[in-house]
Amino acid sequence: ISETMSTNEENKLPLNGRRAIPPNYSNDEENEVPEMEAFGLIPRGFNPRDYLRVVDIYMFKDPHEINKQEHHTDKYYNPKLIVRRGQAFQIQIEFNRPYKPETDQFWVEFLMGRYPQQNKGTYIPILVGNVLKPGQWGAKIIHRENNSIRLSIMSSPTCIIGKFRLYVAVLTPFGILRSRRNSATDTYILFNPWCQLDAVYLDDEKEREEYVLNDVGVVFHGNVEDVKSRSWSYGQFEENVLDACLFLMDKAELELSGRGNPIKICRVASAVINSRDEDGVIAGSWNNMYDYGVAPSAWTGSVDILLEYYSSKQPVRYGQCWVFAGVFNTFLRCLGIPARLITNYSSAHDNNANLRLDFFLDDEGKVDTRLTKDSIWNYHCWNEAWMTRPDLPVGFGGWQVVDATPQETSDGMYRCGPASVQAIKHGHVCFQFDAPFVYAEVNGDVFYTRMEKNGTQVVENIDTTRIGQLIVTKEVGGDGMMDITEEYKFREGSDEERLALETAVMYGVKKQSIQDTTYQPQTDVDMDFQAQKAVLGNDFKVTITFRNKSRNSYTATTYLSGNIVFYTGVTKREFKKHSFSAKLEPSSSNSFDIVIKSSEYMSDLLEQASFHFFVTARINETGKILAVQKAVVLEIPTLRIKTKGELVAGKETSVIVEFTNPLKQTLENITLRLEGPGLLRTIKKQFGRIPMNSTLTWEVKFTPMRPGSRRLIASLNSDALRHVYGELNVQIQKP
């Protein structure tokens, strides 16, 4: 069998001196494969009809048939055969006469791309043998009847993934006869977490069901004191999503021969999912202006975004971190790489990865927004993908951080990962890729520094526990929250934590030591700040409490600054200033309440209803400064979803979405979205206005196609109110 199938066209291509064959990174392009590949001159009397000839190939590709059932691919809404690598599948070949093993010789060929080559894994000839060996390509006959034979084909657990073209080739004395090109026999080969020899093998069935087969998930947002959650539809099995995901690898120009390696796939995908380089999938926007696009908070899932990108080839507007992470999760699960969406609360966005976030204070102890460049995100979402890391020492496989939100460049592109979670926990940040950046996101210290008139910096306060306080993901098999902080870091203050930090510093994470800054904090007075749970549109109060543990009387000049912020911790504007003098009696506690009125914040409120309070207090007697900061997120009202009548597969039913406007103002320009993976594609509806205290009702008729438990997810977006969600779990009965 020839190593490269040569075509005339190939010989005319302009070649550069370095490679004999042009780059091969399109899974969609094809080469012409001759139906008769002659060995030389063909004698005049040669008639191909005298030889064994393929009449038909049957792929067992329906969802209920053996291949899709055994390979866990029966949920894909795709008519072609989809199998997972390293596991046997069956096809049946019908010839024009009974097959005679003594004289007939045939083999099966899988081809990918325009320049198939055996040594690149894009041209795979499979000879028929007597046994299947795990770990390599092979085929054996398992059944013969009349003119048909049934083959069991084993793929290699390291083969490239994507869409292959299938041919059956028959040897004749004068040349090779091939079956016709037939796109119905195209075969998708995906990663296989069920196969022990695959790099993405995951040994727990419940985890495989969650991290590969679950098509809905939960995104945790809000902040540490007030964790909020919403559903996200991953929809990795919906129509055309698999092709869209393969297109992303073409778009990222990943060589076909590299597509068996999950490390490479994750790395290029983390760059192509954001639009900062080479027009990737989603354009990020963090400025609350979403003209000519969809507000990030309005999306309910990944399918609309991926399919819009697949058809337009233009970045889809707009996304923020959970949107990038949601789409990335769909991509990974769709290809068969186990993946989960992670939320890191109080995530450090440090502009120079030095484990130190600097908040500069002016003379009065207020934060100077001009000098302060670092920010703390209320939360930041990224993904973890599960794989072995043969490129690293033993022990760093398992969950890897990958992040598609464009924050910093890595090797010249906006991408991040894969970085081993285990390496981050132990401070071994020397191991590729981007571990120091992720280490800083979960481990920074917050420095409050005052600039003296002569330019010297005085460190007034250091908070070592604020960053990466809580790291969570959705629990396996439920919608609750699983705390995975300990996967990323040892307990605050433990010996192991210190050691991991010293290791990270040794490997080049910059950390300024306290010694080079004079720092003597006020230790005998504690200051605490609490905010009352509040619903959007209402007044609420905040409380500052001092505890004077000393025998001295102190007075504290206290300054409260309330800011409306993006969830990234970047301030939009200060809406509340309040200062007072507090008398602190010896060995006692004092509390001071401050009321925040809705009229003070409503006009400028951003979509995540997020505030950030800075409180600084100067102890007049000692000149020392106490500082505390806290994020406060308001409760946003939810959508109600109800179903009418019973839900039976194949029978029309209707669902009702309701929303009551709780604000002291009319809502305008409302868009509702509703979707449910496996139930209905996204439906959108526009409404002009909802007066205060009025209720909007929207009824949608649809016909569920398959029985089983499903989830409906809805979102509401308007000028004054965003991040309004609702969801409903439904059980579709068998007809």
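Do the conditions hold for residue 663, that is, is it open to solvent by less than 20 Å² (accessible area, probe 1.4 Å), outside the structural domain of residue 347 (by the TED database) and under 32 Å from the mean Cα position of the chain (by Cα)?
When the stated conditions are applied, residue 663 does not pass them.
Tell me which residues, restricted to the range 513-533, are modelled with pLDDT under 85 and either under 42 Å from the mean Cα position of the chain (by Cα) or not in a loop (DSSP other than H, G, I, E, B) (or both).
Across the range 513-533, the qualifying residues are 513, 514, 515, 516, 517, 519, 521.
Every residue in the range 703-733 that is farther than 16 Å from residue 639 by Cα, without any contact (Cβ under 8 Å) to a residue 60 or more places away in the chain and open to solvent by less than 10 Å² (accessible area, probe 1.4 Å), please.
704
Quick check: is even one residue across the range 304-316 free of Cβ contacts under 8 Å to residues at least 40 places away in the same chain and open to solvent by less than 10 Å² (accessible area, probe 1.4 Å)?
Yes: one or more hits.
So which residues in the range 541-578 are farther than 16 Å from residue 369 by Cα, open to solvent by 10 Å² or more (accessible area, probe 1.4 Å) and either in contact with a Ser or Thr (Cβ under 6 Å, 6 or more places away or on another chain) or assigned to a strand (DSSP E or B) (or both), if there are any at all?
541, 543, 545, 547, 554, 555, 557, 578
Using the structure shown, decide if residue 400 is closer than 21 Å to residue 470 by Cα, polar (S, T, N, Q), assigned by the TED database to the domain that holds residue 497 and in contact with a Cys (Cβ under 8 Å, 6 or more places away or on another chain).
Taking the combined requirement at face value, the residue satisfies it.
Which condition number does residue 674 fail, the rest of (1) in contact with a Gly (Cβ under 8 Å, 6 or more places away or on another chain); (2) surrounded by 19 or more Cβ atoms within 10 Å (Cβ to Cβ); (3) at pLDDT 90 or above being met?
(1)
When residues of the range 63-113 are filtered for being free of Cβ contacts under 8 Å to residues at least 12 places away in the same chain and either under 31 Å from the mean Cα position of the chain (by Cα) or open to solvent by less than 10 Å² (accessible area, probe 1.4 Å) (or both), how many remain?
3
So, in the range 128-187, exactly how many residues are under 30 Å from residue 41 (Cα atoms) and of a type in the set (Phe, Trp, Tyr)?
Qualifying residue count, the range 128-187: 2.
Consider residue 655 carefully, then state whether it is modelled with pLDDT of 90 or more, open to solvent by less than 10 Å² (accessible area, probe 1.4 Å) and under 28 Å from residue 534 (Cα atoms).
Numbers: modelled with pLDDT of 90 or more: yes; open to solvent by less than 10 Å² (accessible area, probe 1.4 Å): yes; under 28 Å from residue 534 (Cα atoms): no.
Taking the combined requirement at face value, the residue does not satisfy it.
Can you list the strands (runs of 3 or more DSSP E) lying wholly within the range 217-327 that have 1 or more residues being charged (D, E, K, R) and outside the structural domain of residue 79 (by the TED database)? Talk me through it step by step, then tell me what you get.
Working: elements: 226-233, 282-284, 316-319.
In the range 217-327, the matching strands (runs of 3 or more DSSP E) lie at 226-233, 316-319.
Yes/no matrix, rows are residues, columns are (1) farther than 28 Å from residue 110 by Cβ; (2) small (Gly, Ala, Ser):
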{"residue": "194", "(1), (2)": "no, no"}
{"residue": "206", "(1), (2)": "yes, no"}
{"residue": "217", "(1), (2)": "yes, yes"}
{"residue": "221", "(1), (2)": "yes, no"}
{"residue": "227", "(1), (2)": "yes, no"}
{"residue": "232", "(1), (2)": "yes, no"}
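Only one of these is open to solvent by 10 Å² or more (accessible area, probe 1.4 Å) and in contact with a Phe, Trp or Tyr (Cβ under 7 Å, 6 or more places away or on another chain): 225, 238, 205. Name it.
Matching residue, one of 225, 238, 205: 238.
Does the range 532-551 contain any residue that is of a type in the set (A, V, I, L, M, F, W, C), outside the structural domain of residue 465 (by the TED database) and closer than 22 Å to residue 464 by Cα?
yes
What number of residues within the range 121-177 are outside any loop (DSSP other than H, G, I, E, B), touching a residue at least 60 places away in the same chain (Cβ under 8 Å), over 15 Å from residue 92 (Cα atoms) and open to solvent by less than 20 Å² (accessible area, probe 1.4 Å)?
Count: 7.
Evaluate the following for residue 357: is it over 29 Å from residue 639 (Cβ atoms), in a helix (DSSP H, G or I) and touching a strand residue (DSSP E or B) at 6+ places or on another chain (Cβ under 8 Å)?
In short, no.
Residue-wise test of (1) without any contact (Cβ under 8 Å) to a residue 60 or more places away in the chain; (2) more than 21 Å from residue 376 (Cα to Cα); (3) crowded, with 18+ Cβ neighbours inside 10 Å.
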{"site": "538", "(1), (2), (3)": "no, yes, no"}
{"site": "604", "(1), (2), (3)": "yes, no, no"}
{"site": "618", "(1), (2), (3)": "no, yes, yes"}
{"site": "622", "(1), (2), (3)": "no, yes, no"}
{"site": "630", "(1), (2), (3)": "no, no, yes"}
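Could you check residue 695 against (1) loosely packed, with under 15 Cβ neighbours inside 10 Å; (2) under 26 Å from residue 237 (Cα atoms) and say which number it fails?
Of the numbered conditions (1) loosely packed, with under 15 Cβ neighbours inside 10 Å; (2) under 26 Å from residue 237 (Cα atoms), the odd one out for residue 695 is (2).
Quick test for you: out of 680, 639, pick the one residue that is in contact with a Phe, Trp or Tyr (Cβ under 6 Å, 6 or more places away or on another chain), closer than 21 Å to residue 233 by Cα and surrounded by fewer than 21 Cβ atoms within 10 Å (Cβ to Cβ). First the steps, then the outcome.
On the way: 639 fails: surrounded by fewer than 21 Cβ atoms within 10 Å (Cβ to Cβ).
The match here is 680.
List pairs: first in the range 464-491 and free of Cβ contacts under 8 Å to residues at least 24 places away in the same chain, second of a type in the set (Lys, Arg) and surrounded by 17 or more Cβ atoms within 10 Å (Cβ to Cβ), Cβ under 8 Å, 6+ apart or cross-chain?
Final answer for the pair search is 480/474; 482/474.
What number of residues within the range 448-486 satisfy the criterion of being part of a strand (DSSP E or B), surrounded by 15 or more Cβ atoms within 10 Å (Cβ to Cβ) and among the charged types (D, E, K, R)?
Result for the range 448-486: 4.
The values are calculated or read from the model by the stated rules, or taken from the named source; none is laboratory data. Computed from a predicted structure; not experimentally measured. Glycine also receives a Cβ, built like all others from the backbone with ideal geometry; neighbour counts cover every protein chain displayed. These accessible areas exclude ligands, DNA and RNA; they are computed on the full protein's heavy atoms, side chains included. Shrake-Rupley method; radii C 1.70, N 1.55, O 1.52, S 1.80 Å.
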